[in-house]
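Structure first, then comments.
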Amino acid sequence: MATDISKLGVKTKWQDLTEGMIVAGAGTSKDFHTGEWTSVKPEFIEDKCKQCLLCVPVCPDSCIPVKDMKRGAFDYDHCKGCGICVKACPFGAITMEGVK
Amino acid sequence: MAGKRDRLSGNEAIAIALRQINPDVFPAFPITPSTEIPQYFASFVANGQVDTEFIPVESEHSSMSAAIGASAAGARSLTATSSCGLAYMWEELYIAASNRLPLALALVNRALSGPININCDHSDSMGARDAGWIQIYAENNQEAYDNMVQAFRISEHKDVRLPIMICQDGFITSHAVENIELLEDADVKNFVGEYEPEDYLLNPECPMAVGPYSITDYYMEAKRNQAEGTRNVSRVVKEVAEDFEKLSGRKYGLFEEYRMEDAERAVVIIGSAAGTTKDAVDRLREQGEKVGLIKIRLFRPFPADEIAEALKNVKAIAIMDRAESYTNHGGPLGADVMSALFRARSQALAINYVYGLGGRDVRVEDMENVYETLKQVIADGDAGEMYRYMGIRE
Amino acid sequence: MSNHTEIRWHGRGGQGAKTAALLLADVAFKTGKYVQGFPEYGPERMGAPITAYNRISDEVIRVHSNIYDPEFVVVVDESLLETVDVTAGLKKEGAILVNTARPKEEIIPHLKGYEGKLYTIDAHKVSMEAMGKYFPNTPLLAAIVKVANIMDEETFLREMQASFKHKFASKPEVIDGNMKALEMALKEVK
Amino acid sequence: MSYNFKETMNKPERLAPGHRMCAGCGGTIAVRNVLRGLHEGDKAVIGNATGCLEVSTFTYPYTAWEDSYIHNAFENAGATLSGVEGAYKALKRKGKLQDTNYKFITFGGDGGTYDIGLQSLSGAMERNQDLVYVCYDNGAYMNTGIQRSSATPMYADTTTTPVGSESNGKPQNRKDLASVIAAHNIPYVAQTTFVQNFKDLHIKSEKAIYTPGAAFLNIMAPCPRGWRYNTPDIMEICKLGVETCYWPLFEVVEGKWILNYEPKKKLPIEDFLRPQGRFKHLFKKGNEDLLEAFQKEVDRRWEDLLFRCSR
């Protein structure tokens, strides 16, 4: 059974930690919002997007979701604002302050 | 309870126990004097007597690493080693324990380098005593075999889930052919049972992540959580021993008390020299001397209260360490026993001997002399030098 | 301790002194005895002097030390007489068995005044005649069984036959030679 | 294997967001794209040597991995996954694990792979364990603060090979690990990086994962902090690495060396070095000979590779 990580915080007593510090389940890092690390974010200009998806593989933070062969809105909860996607877009559909 | 009489070396005995257990994964790297264990086992694999995945890795660090990987994956796994091999695993020993992985290590005790030496002492396992492993020691091949059969039941118990080290004395028991009584294959299989972990890497129902980075906020709680497993070991060791006695007729506990009923002088010792000491005890008992012996079986976790209780009527104690620990005041067993005595407010006089390093032989006469020394200690009412060497040229 | 026998073997690495000690333990075990057979290990390779030991008893053996005062000593390689104190601790009620073609008179001076009995066997000759190859173990095993009176000859030969059948299951042709070596050795030890 | 970029991008994400790698990290770009080599429906166990990736992707209780994951220690990812893969074989054989296909992929930085983990990697490769070892090579020990590794290029300024009045950075050449692993005569070895819209990397990852036996992928994964380039420029840096022949794309399939890409016009090494702060000193007046020496080494290795691939 997957570990309920909402019960595991820095106030958790030793009795309530998982045995061997394992975490059953996957992808629990989604609950950790690295989007707070930066105030500068890329902006997605949907009108200019041709859905080439070239921005998708370059994201180090898996913040460009793809569904039915189309990219969606940026995941700002996790985006650290590195700006790589801005450069990857051939159509100027992504902009970010300080990146050209 | 059908046993089979046989004569085997300690290494053969362990290998046969492992054949009967038929573990899932056995990564191994040779080192004297444990080498024969993977050798025998490889022949069982080659002849189809087991269906274990035998992985001949390139080092002991890797044998323990692979055993950890296999165990986390959901497989019953183990390895074997000695001496520098164990030292090379050092980091991994801690990881196995902190991950709460119930894997086993057949350790054939040998002196650590340097100088390099292939013979018996306990410096290898004693150096690993704080790694979080269960450590169980054997006096002879029979005990090595019996302990191996019980190992996974202890290690995999849901209240324990800690790795276990089954130790025997290099060459002295590992390479000596002696009589032994083996259990039937089916009895061992039934006794050990199936390994059924709750969470494991190869669980198709639910993935698992193991081996996290722990920030300070969690680390201390994690260590305390681990210690809870250790606290349950004594109880589980006794429970498993009771079941084992029903199967084999052979009785085991946390330690063996030999002629301790009215003993005024006692030796506390680990391993093959306990047998030699029993002969010394018998000789002295024939002369009317009130001497006894405590042979440690479970050294980690250390059954301090029980040992203090067993020693409560004793006037003088010699604690025998087959390892130096360079404290300037004695060896590791000495430290544990003396601390147990202190906690129990014991008034006994105790001395701690370092003996048998690098295969230095221990004779019945040597142990008789130890009891003689204890007699003098009682007469003097003073332990004198509490940290001594036995059998040293000086 | 009733009926407790201790034997020390002196050989050279590669000659099979360890194997001989293990074989002796094996055959004694089969007659219901408690046994120990163990080598004294070092880093030596082929040719270096090595020691092996046996304890054979009617009672459980608990002692795990080497043997210092044996009843019997077997010298697998007579060249060791020059370099090793083979009679050290040897009880005078016991005996020493030396693998040699030489007459006893030539051996005695090497025994440092040992007062017990000396037996000899030419294991080379026996081995070559019976097996066509030099395996000193087999004749020496038979000789020490006889000298130390470990068991009666008939039982010994029966047990060894069974043991060889098992050991040489894949090459039964060598069983006869081995058995012949045992029988010859029982006769030739003197 | 037909390749379709958009389909590859449409696959489920196997590295979740919320990990704590630096903004612009090349390591996680490598990981995400390697994992896209997995076929949908197949499960995986991911191994990981200690390093940035490990401490950042599984900080208790947050795992970024959508598959089972094991971190053991720094130097033993190869051995650890050997044990996992051995367990898989054993459990399958014993009928304890049915109907599920698992693949085994382990990631290590150059520290855990070229250096401290080389023995364990070599062992796993030589035993031909059915796993893929992926090195995300950023050319230094970044986790501990940019110390030199045997993958660090010559003259790079690192914290243990600092540039100073008597030092031009790392004095030694970098180890050619892909060749070392190829010398193990395993079924599949490849070197790649983030070029050609990842086609090269995606195809090689799928091949590595689905080649029975041991496979090794060496992926140049720039580290903006350690290399000191403008973070958004990672794709350009990778491209220059390939176009200067500093980081050639090749495969060794069953012992056969195959060059996957030859630049139409090989660019001078300066083009790759100039954007990186760790090589700033090479462009000072008087250091022309260092650039020349660097170029010579790149040329020598490129010629050597061409020769191997021509046989």
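The values are calculated or read from the model by the stated rules, or taken from the named source; none is laboratory data. It should be emphasised that the depicted structure is a prediction, and the values quoted were computed from it without experimental measurement. Please note: Cβ atoms are built from the backbone with ideal geometry, for glycine as well, and neighbour counts cover all protein chains shown. In case anyone asks, the SASA skips ligands and DNA or RNA and just uses the protein heavy atoms, side chains included. Shrake-Rupley method; radii C 1.70, N 1.55, O 1.52, S 1.80 Å.
Think of chain D as a dipole: +1 on every Lys or Arg Cβ, -1 on every Asp or Glu Cβ, centred on the Cα centre; then among D:SER122, D:GLY27, D:ALA208, D:ALA208 lies furthest on the positive end. Based on C-alpha pairs under 8 angstrom that are at least 6 apart in sequence, chain D has a relative contact order of 16 percent. Site pair B:GLN376 and C:HIS166 shows an inter-label distance of 5.0 nm when each label is modelled 7 Å from Cα along Cα→Cβ.
Of the beta bridges DSSP finds with both residues in chain D, what % are antiparallel, to the nearest 5?
Roughly 35 percent of the beta bridges in chain D run antiparallel, per DSSP.
Taking the 1.4 Å solvent-accessible surface of chain A as the whole, the part contributed by carbon and sulfur is 53%.
Note on C:THR31 and B:SER43: with the Förster distance fixed at 22 Å, the Cβ-Cβ geometry gives a FRET efficiency of about 0.20.
Evaluate E = 1/(1 + (r/R0)^6) for A:SER6 and D:THR144, where r is the Cβ-Cβ distance and R0 equals 30 Å; express this FRET efficiency to the nearest 0.05. E(calc), rounded to 0.05, equals 0.35. Summary of packing: across the peptides D:152-159, B:320-327, the per-residue average of other C-beta atoms within 10 Å ranks them, highest first, as D:152-159, B:320-327. Rounded to the nearest 0.05, what FRET efficiency do B:ASN328 and D:ASN173 give with R0 = 60 Å and r taken as the Cβ-Cβ distance? Could you check? Approximately 0.75, to the nearest 0.05. Each stretch of four or more DSSP H residues adds -39500 (n - 2.57); spread over every residue of the protein assembly as shown, this sum gives -10500 deg cm²/dmol at 222 nm. Computed from phi, the 3J(HN,Hα) profile of the stretch B:367-384 under the Karplus parametrisation 6.51, -1.76, 1.60 (θ = phi - 60°) reads 6, 4, 5, 4, 5, 5, 4, 5, 4, 5, 4, 5, 4, 6, x, 8, 6, x Hz, with x in place of Gly and Pro.
Selection among D:THR161, D:LEU290, C:ILE107 by position relative to the dipole of the protein assembly as shown gives D:LEU290 as farthest towards the positive end (Cβ unit charges, Cα centre). Peptide D:41-51 shows a mean partner chain C-beta count of 2 within 10 Å per residue C-beta.
So for the protein assembly as shown: antiparallel DSSP bridges make up what percent, rounded to the nearest 5?
Of the beta bridges lying entirely in the protein assembly as shown, close to 40 percent run antiparallel.
Distance between the pseudo-spin-label points of B:ARG343 and D:LYS11 (7 Å out from Cα toward the beta carbon): 5.5 nm.
Springs between alpha-carbon pairs under 10 angstrom, Gaussian network model over chain B: which of B:PRO301, B:PRO115, B:PRO30 fluctuates most? Of the options given, B:PRO115 has the highest mean-square fluctuation. Each part gets one Cα centre, and for the stretch C:23-99 versus the stretch D:193-249 those centres are 67 Å apart. How many percent of the accessible area of the stretch C:1-142 is carbon or sulfur, using a 1.4 Å probe? Of the solvent-accessible surface of the stretch C:1-142, carbon and sulfur hold 52 percent. Structural descriptor for chain A: relative contact order 30 percent, calculated from alpha carbon pairs under 8 angstrom and at least 6 residues apart.
Legend: mean number of C-beta atoms from other chains within 10 angstrom of residue C-beta atoms, peptide D:229-237, equals 5. Spacing of the modelled spin labels on C:TYR68 and D:ARG300, each 7 Å from Cα toward Cβ, amounts to 6.6 nm. Near the amide H of B:LYS315, within less than 5 Å, lie the amide hydrogens of B:ARG265, all on another chain or at least 5 residues away, with H placed in the peptide plane.
Backbone amide hydrogens, once placed in the peptide plane, bring A:ILE94 within less than 5 Å of A:ILE45, excluding anything fewer than 5 places away on its chain. Once each of the GluC sites (Glu not before Pro) sitting in a DSSP loop with at most 10 other beta-carbon atoms within 10 Å is removed, chain C keeps C:1-92 as its longest stretch. A straight line joining the Cα centroids of the stretch D:66-117 and the stretch B:211-247 runs 25 Å.
Derived scalar couplings between HN and Hα for the stretch A:43-55 equal 10, 9, 9, 4, 4, 7, 6, 9, 6, 6, 6, 5, 6 Hz in order, rounded to whole Hz, by the Karplus curve 6.51 cos²θ - 1.76 cosθ + 1.60 (θ = phi - 60°), x for Gly and Pro.
Rolling a 1.4 angstrom probe over the protein heavy atoms with all chains in place gives the protein assembly as shown an accessible area of 39 Å² per residue.
From most to least packed by mean Cβ count within 10 Å, the peptides D:75-82, B:59-66, D:238-245 give D:75-82, B:59-66, D:238-245. Listed by chain and number, the lysines placed with their C-alpha closer than 23 angstrom to that of C:LYS167 are B:LYS4, C:LYS18, C:LYS30, C:LYS33, C:LYS133, C:LYS146, C:LYS180; residues fewer than eight positions away on the same chain are left out. Around the amide H of B:SER272, modelled in the peptide plane, lie the amide H atoms of B:ASP169, all under 5 Å away and 5 or more residues distant in sequence or on another chain.
Packing around the peptides D:200-207, D:263-270, A:47-54, taken as the average count of other Cβ atoms within 10 Å per residue, puts them in this order, highest first: D:200-207, A:47-54, D:263-270. Peptide B:15-24 shows a mean partner chain C-beta count of 1 within 10 Å per residue C-beta. For the stretch B:2-246, the share of DSSP beta bridges that are antiparallel, to the nearest 5, is 25%. Here the Karplus relation 6.51 cos²θ - 1.76 cosθ + 1.60, evaluated at θ = phi - 60°, turns the backbone of the stretch B:201-215 into coupling constants of 4, 8, 8, x, 6, 7, x, 9, 10, 9, x, x, 7, 10, 6 Hz, with x for every Gly and Pro. Among C:SER57, B:SER346, the sequence by solvent-accessible area, most first, with a 1.4 Å probe is B:SER346, C:SER57.
Leaving out same-chain residues fewer than 8 places away, which lysines sit with a Cα under 22 Å from that of B:LYS375? The reachable lysines, counting only those whose Cα sits under 22 Å from B:LYS375, are B:LYS278, B:LYS290, B:LYS295, B:LYS312, B:LYS315.
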